[in-house]
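Enquirer: Right, I'll just put the structure down here and ask away after.
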Amino acid sequence: MKLASVILDIPTQALDAPYTYAVTEASGDVEVGCAVLVPFGRRRAVGFVVGVRESEEAAAHAAGGAPPASAAQAPFEAHFGFGAQYEAPSPQAGFARDRAAKLKPIERVLTAPFFDEEGAACAQFLAARYVAPLSACVRLFTPPGGVPRLVHGRDGSWRLEQPTVGEVDDRWVTLGPAAEGFVPRRNAVKQAQVIEAVRRGDVRMAELSLEFGSVSAAVRALEEKGVVRVERRRRMRGFAGADRASAGRAGAVGGPAAAGPAQPGFAPSAKPHLTEGQASALRAVEDARAAARGEVVLVDGVTGSGKTEVYLQAIEAVLLEGRNAIVLVPEISLTPQTVARFRGRFGDAVAVMHSRMSQGERFDQWDFIRSGQARVVVGARSALFTPLADVGLIVIDEEHEGSYKQDSAPRYVARDVAAWMVRRSGGALVLGSATPSIEALHAAATDERWTQVSLPARANGRPLPAVEVIDMAAEFHSGSRSMFSRRLAQALADELRAGRKAVLLLNQRGFAKFLLCRDCGFVPECPNCATSLTYHEQGAKLVCHHCGYAAPAPPTCPACQSPYLKKFGAGTQRVEAELRALLDDAPGVGPGVPVIRMDADTTRAKGAHQRLLDQFAGAGAAVLLGTQMIAKGLDFDDVTLVGVINADTQLHLPDYRAGERTFALIEQVAGRAGRADLPGRVLVQTYEASSVAIRAAATYDRALFLRAELPKRRVLGYPPYVRMANVLMWGKDEAAVRRVAEELHAELAKLVFNVAGERWQVLPASPCVLSKLRGTYRWHVVVKCPREDDLASVLTRLFRARKADREVNVAVDVDCHDLL
């Protein structure tokens, strides 16, 4: 008899290990990665198979004798590194032999495998490192919308609900063996139309219906005569290589890994001559791959230094060896420009995964990867978990970006998971950034498996643009009341009159854009969240950007009925309106110069991102106004001016990374200017002109910033000198949340002292900075430990055994990126 180790698809910490089930003939073809239906208590459950092996009795019989007692009692899951979920071993003789007979069988297999043994091992790693439910970790490896689930009916019963997303087939009409010489009857008009269309080439049934109306009867009559054939073909949603990919329908996990699919007529983009810095970086990547021990190469290159070309040539070498590659890009940087660079070099062997695709499109891309035809996967952080076989290289571009940290269970750090993966596969990890994170810089300086290579100059030899800091406090004192300084207004007029482009960044993160009563000080707040409501010019409404609550902006103060309500802060809508007025009044500019706004509102529709960028590229003189999504990933030759409207809003956040994020953002957006032959300049407006982060970014002086930042982090105990976990509690009842927070603090303090003495720190329970969110109250407890200690294993002891509270939710964020 075979035994299977199954992780139940029930998201709770209580199910902290797989359960063992018997595999019978009725179970079907049970493989690692399959979704299966199993009995669980008085109900049934969907689970995922993470291991299959012979029972101990069968193994002993094959070996010619009974197994030793220790082997017989060893839990099956230990083979995979999981904890046991067995009954306590019985001292009775023969327990080991008849234990398998007591196991419940798998009822049936529900799907083909979603992942292999490596995926199962990675799920276990994620659960252990990030104190996450195993089911949530396994779910990362499943196709979007493609997993069956059990739902609880109103009558109390459970029913199996099939996946909401799957393959889509089109009906195609092709010529049949009797087509030659066939002439339809004179009155069979639709048959004649169908034959004429099909003789020009295969055609979809839907296209025939669109052209000629209802043709079902005509096609059916022709099919019966053998004149045409009707066949079903897989349609790949939103994918240019659909017809070619349809031939590789959902094969086994991994699929072929040789040279990839043939691409008739495809000519890869030309490889430019590498600069000395690029060649050095490429050699470092090749050395790391040759070492085959999971080495990490940090490519520290200024904007425009040609990091992407290094990635492309490194990937090409990997593909020639028959292995595959993953490229991670921050969601906001995953522009059509970025994808085009990779498809231009590798054609339809590139799969793309990101959240702006529909669920059906993501399912088809996932299935395309599983078929083995995809050789390169480009996507956001979740692309790590696609079923790409034999990964020899993982690239993480803009590695400093906070979006590589997952904000729901499992709360993983993509960089650390990728490093674990390449150590297992004998591959290499490449991290690229113009502003590497402090953690990455620290690792490169202290870990022998890390190598840092610098690209200090742009690939085209052009200098980095000069950065000028404009003190907005001095502007105010000189009598200026505009959000645009005199220097920025003049620079905009000069560049636009010359027919060139400008990019304006509005650094929106922070608590801004609110109404305030100048008589009584009242500020409208969200009834569900502890934050002020954001004023939207369009529609004159107040909106909470956390929970979506919206209300009309009041004409008078709700507290004192004063008419003196003032708008504070500047959203993109207000900046756009004032910018439009400024340009309309500027001599030689006028209303003909477009202002293209890119923010969460204007890019919400599908395809809007591409449309706005195309509009900007196709214009002559133009201004691109946007939030952080325009700070990176954009490459336009005729952008000569970059303006930062408000550089200091992040500095006021109660976040230990505030200075680092401000420094990185200014350097990144500055890199949009002067990337080709035309010189560029950058104007940074700020009320914090003396800030080290802003001064260092303006002079491209990372050392200046680090000399100020690192001592503070060392003294206060923040990464990279410690590891941290943020234990978050939230619920509707404020008193209950506080009670649980204080209880957990006491339990954590006791546990940590018993394990590590005073080397670890447990900070007192306190309300979060955002103390109320979407109607729930939020508290947290922060745990800190030395970098070399195993933070998760200690926390696991408490949280795996802890009973859930009915009123209060608890989550553990290991290696948290902020404490808001």
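The values are calculated or read from the model by the stated rules, or taken from the named source; none is laboratory data. Just so you know, these numbers come straight off a predicted model, no measurement behind them. All Cβ positions, even for glycine, are placed from backbone atoms using ideal geometry, and neighbour counts span all protein chains on display. For the accessible areas, the whole protein counts, side chains as well, though only heavy atoms, and no ligand, DNA or RNA atoms are used. Shrake-Rupley method; radii C 1.70, N 1.55, O 1.52, S 1.80 Å.
Enquirer: Output the strands (runs of 3 or more DSSP E) that fall wholly within the stretch 374-441 and possess 3 or more residues being under 11 Å from LEU328 (Cα atoms) and either of a type in the set (Val, Ile, Thr) or modelled with pLDDT under 95 (or both), or say none.
Expert: Qualifying strands (runs of 3 or more DSSP E): 376-379, 391-397.
Enquirer: A further question on this structure: Kindly indicate the residue of the stretch 415-433 that is open to solvent by 10 Å² or more (accessible area, probe 1.4 Å) and of a type outside the set (Asp, Glu) and also nearest to PHE385 (Cα to Cα) among those meeting that condition. Spell out the reasoning first.
Expert: At the first step, the residues of the stretch 415-433 found to be open to solvent by 10 Å² or more (accessible area, probe 1.4 Å) are 415-416, 419-421, 423-426.
Those left that are additionally of a type outside the set (Asp, Glu): 415, 419-421, 423-426.
Working: ARG415: 13, ALA419: 13, TRP420: 13, MET421: 10, ARG423: 16, ARG424: 14, SER425: 14, GLY426: 17 Å.
The selected residue is MET421.
Enquirer: So which strands (runs of 3 or more DSSP E) stay within the stretch 722-820 end to end and still have 1 or more residues that are of a type in the set (A, V, I, L, M) and farther than 24 Å from ASP16 by Cα?
Expert: The strands (runs of 3 or more DSSP E) meeting that bar are 722-731, 766-773.
Enquirer: Could you grab me the full set of residues in the stretch 264-297 that are in a helix (DSSP H, G or I) and open to solvent by 70 Å² or more (accessible area, probe 1.4 Å)? Before you say what the answer is, go through the steps one by one.
Expert: Looking only at the stretch 264-297, we keep the residues that are in a helix (DSSP H, G or I), and these are 276-291.
Result: GLU276, ARG283, ASP287, ALA290.
Enquirer: Next up: Of the residues ARG204, ARG186, which is out of contact with any Ser or Thr (no Cβ under 7 Å at 6 or more places or on another chain), on the phi < 0 side of the Ramachandran plot, loosely packed, with under 12 Cβ neighbours inside 10 Å and not aromatic (Phe, Trp, Tyr)? So that I can check it myself, show each step before the final result.
Expert: On the way: ARG204 fails: loosely packed, with under 12 Cβ neighbours inside 10 Å.
Within the list ARG204, ARG186, the selection yields ARG186.
Enquirer: For the stretch 301-310, name all the residues that are assigned to a strand (DSSP E or B) and open to solvent by 20 Å² or more (accessible area, probe 1.4 Å).
Expert: Of everything in the stretch 301-310, nothing turns out to be assigned to a strand (DSSP E or B) and open to solvent by 20 Å² or more (accessible area, probe 1.4 Å).
Enquirer: Look through ALA502, ALA493 and report the one residue that is more than 36 Å from the chain's Cα centre (by Cα), closer than 21 Å to VAL684 by Cα and open to solvent by less than 20 Å² (accessible area, probe 1.4 Å).
Expert: Just one listed residue meets the conditions, ALA493.
Enquirer: Within the group GLY548, GLY592, which residue is modelled with pLDDT of 90 or more and assigned to a loop (DSSP other than H, G, I, E, B)?
Expert: Result: GLY592 is the single residue among GLY548, GLY592 that is modelled with pLDDT of 90 or more and assigned to a loop (DSSP other than H, G, I, E, B).
Enquirer: Taking the stretch 209-221 as the region of interest, how many residues are touching a helix residue (DSSP H, G or I) at 6+ places or on another chain (Cβ under 6 Å) and of a type outside the set (Val, Ile, Thr)?
Expert: 2
Enquirer: Give the residues of the stretch 311-340 that are assigned to a helix (DSSP H, G or I) and under 22 Å from ALA670 (Cα atoms), sorted by residue number.
Expert: Our first condition is that a residue be assigned to a helix (DSSP H, G or I); within the stretch 311-340, this holds for 311-320, 331-333, 336-340.
GLU331, ILE332, SER333, PRO336, GLN337, THR338 - these are the residues of the stretch 311-340 that are assigned to a helix (DSSP H, G or I) and under 22 Å from ALA670 (Cα atoms).
Enquirer: Of the conditions (1) within 15 Å of ARG657 (Cα to Cα); (2) open to solvent by less than 50 Å² (accessible area, probe 1.4 Å); (3) free of Cβ contacts under 8 Å to residues at least 24 places away in the same chain, ARG714 clears all except one; give me its number.
Expert: (2)
Enquirer: Among VAL595, VAL623, VAL589, which is the only one that is over 22 Å from THR435 (Cβ atoms), in contact (Cβ under 8 Å) with a residue 12 or more places away in the chain and open to solvent by less than 10 Å² (accessible area, probe 1.4 Å)?
Expert: After applying the criteria, what remains is VAL623.
Enquirer: Checking ASP367 against (1) more than 22 Å from ARG129 (Cβ to Cβ); (2) out of contact with any Lys or Arg (no Cβ under 7 Å at 6 or more places or on another chain); (3) acidic (Asp, Glu); (4) surrounded by fewer than 21 Cβ atoms within 10 Å (Cβ to Cβ), which single condition isn't satisfied?
Expert: (4)
Enquirer: Could you check the stretch 467-486 and list, in sequence order, the residues that are within 14 Å of LEU583 (Cα to Cα) and open to solvent by 60 Å² or more (accessible area, probe 1.4 Å)?
Expert: Listed by number, the list holds a single entry, ARG486.
Enquirer: Follow-up question, since we're still on this one. Looking at the stretch 785-807, is at least one residue β-branched (Val, Ile, Thr) and either modelled with pLDDT of 95 or more or open to solvent by 40 Å² or more (accessible area, probe 1.4 Å) (or both)?
Expert: no
For every residue, the table says whether it meets (1) crowded, with 16+ Cβ neighbours inside 10 Å; (2) closer than 30 Å to SER358 by Cα; (3) at pLDDT 90 or above; (4) in contact with a Phe, Trp or Tyr (Cβ under 9 Å, 6 or more places away or on another chain).
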position	(1), (2), (3), (4)
ILE195	yes, no, yes, yes
GLU211	no, yes, no, no
ALA221	yes, no, yes, no
ALA242	yes, yes, no, no
VAL253	yes, yes, no, yes
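Enquirer: Let me ask something else about it. I need the full set of residues from the stretch 456-466 which are in contact (Cβ under 8 Å) with a residue 40 or more places away in the chain and either open to solvent by 70 Å² or more (accessible area, probe 1.4 Å) or out of contact with any Phe, Trp or Tyr (no Cβ under 9 Å at 6 or more places or on another chain) (or both), in order please.
Expert: Within the stretch 456-466, PRO456, ALA457, ARG458, ALA459, ASN460, ARG462, PRO463, PRO465, ALA466 qualify.
Enquirer: From VAL151, VAL173, grab the single residue that is at pLDDT below 95 and surrounded by fewer than 17 Cβ atoms within 10 Å (Cβ to Cβ).
Expert: Just one listed residue meets the conditions, VAL151.
Enquirer: On to the next question. When you scan the stretch 529-550, how many residues do you find that are surrounded by fewer than 16 Cβ atoms within 10 Å (Cβ to Cβ) and aliphatic (A, V, I, L, M)?
Expert: Here the count works out to 2.
Each row is one residue, and each column tells you yes or no for (1) over 20 Å from PHE799 (Cβ atoms); (2) among the hydroxyl-bearing types (Ser, Thr, Tyr); (3) in contact (Cβ under 8 Å) with a residue 60 or more places away in the chain; (4) open to solvent by less than 40 Å² (accessible area, probe 1.4 Å).
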site	(1), (2), (3), (4)
PRO719	yes, no, yes, yes
GLY731	no, no, yes, yes
ALA735	yes, no, no, no
HIS745	no, no, no, no
LEU751	no, no, no, yes
GLY757	yes, no, no, yes
GLN761	no, no, no, no
LEU770	yes, no, yes, yes
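Enquirer: Is at least one residue of the stretch 28-48 under 25 Å from ARG800 (Cα atoms), among the aromatic types (Phe, Trp, Tyr), at pLDDT 95 or above and open to solvent by less than 10 Å² (accessible area, probe 1.4 Å)?
Expert: Yes, the conditions are met somewhere in the stretch 28-48.
Enquirer: Show the residue pairs meeting these rules: Cβ distance below 6 Å; 6+ apart or different chains; first residue within the stretch 350-374 and under 15 Å from PRO336 (Cβ atoms); second residue among the basic types (Lys, Arg) and outside any helix (DSSP H, G or I).
Expert: GLU361/ARG237
Enquirer: Regarding the stretch 443-453, can at least one residue be identified that is over 18 Å from ALA670 (Cα atoms), assigned to a helix (DSSP H, G or I), out of contact with any Cys (no Cβ under 7 Å at 6 or more places or on another chain) and open to solvent by 30 Å² or more (accessible area, probe 1.4 Å)?
Expert: Yes.
Enquirer: Does GLY344 meet the test of being touching a residue at least 40 places away in the same chain (Cβ under 8 Å), surrounded by fewer than 24 Cβ atoms within 10 Å (Cβ to Cβ) and either touching a helix residue (DSSP H, G or I) at 6+ places or on another chain (Cβ under 6 Å) or in a loop (DSSP other than H, G, I, E, B) (or both)?
Expert: No: the conditions fail for GLY344.
Enquirer: Considering only residues that are over 23 Å from GLN278 (Cα atoms) and of a type in the set (Ser, Thr, Tyr), look in the stretch 410-459 and name the one that is farthest from the chain's Cα centre (by Cα).
Expert: Among residues in the stretch 410-459 that are over 23 Å from GLN278 (Cα atoms) and of a type in the set (Ser, Thr, Tyr), the one farthest from the chain's Cα centre (by Cα) is THR446.
Enquirer: Restricting attention to the stretch 689-723, which residues are in contact with an Asp or Glu (Cβ under 7 Å, 6 or more places away or on another chain) and hydrophobic (A, V, I, L, M, F, W, C)?
Expert: ALA689, ILE694, ALA697 - these are the residues of the stretch 689-723 that are in contact with an Asp or Glu (Cβ under 7 Å, 6 or more places away or on another chain) and hydrophobic (A, V, I, L, M, F, W, C).
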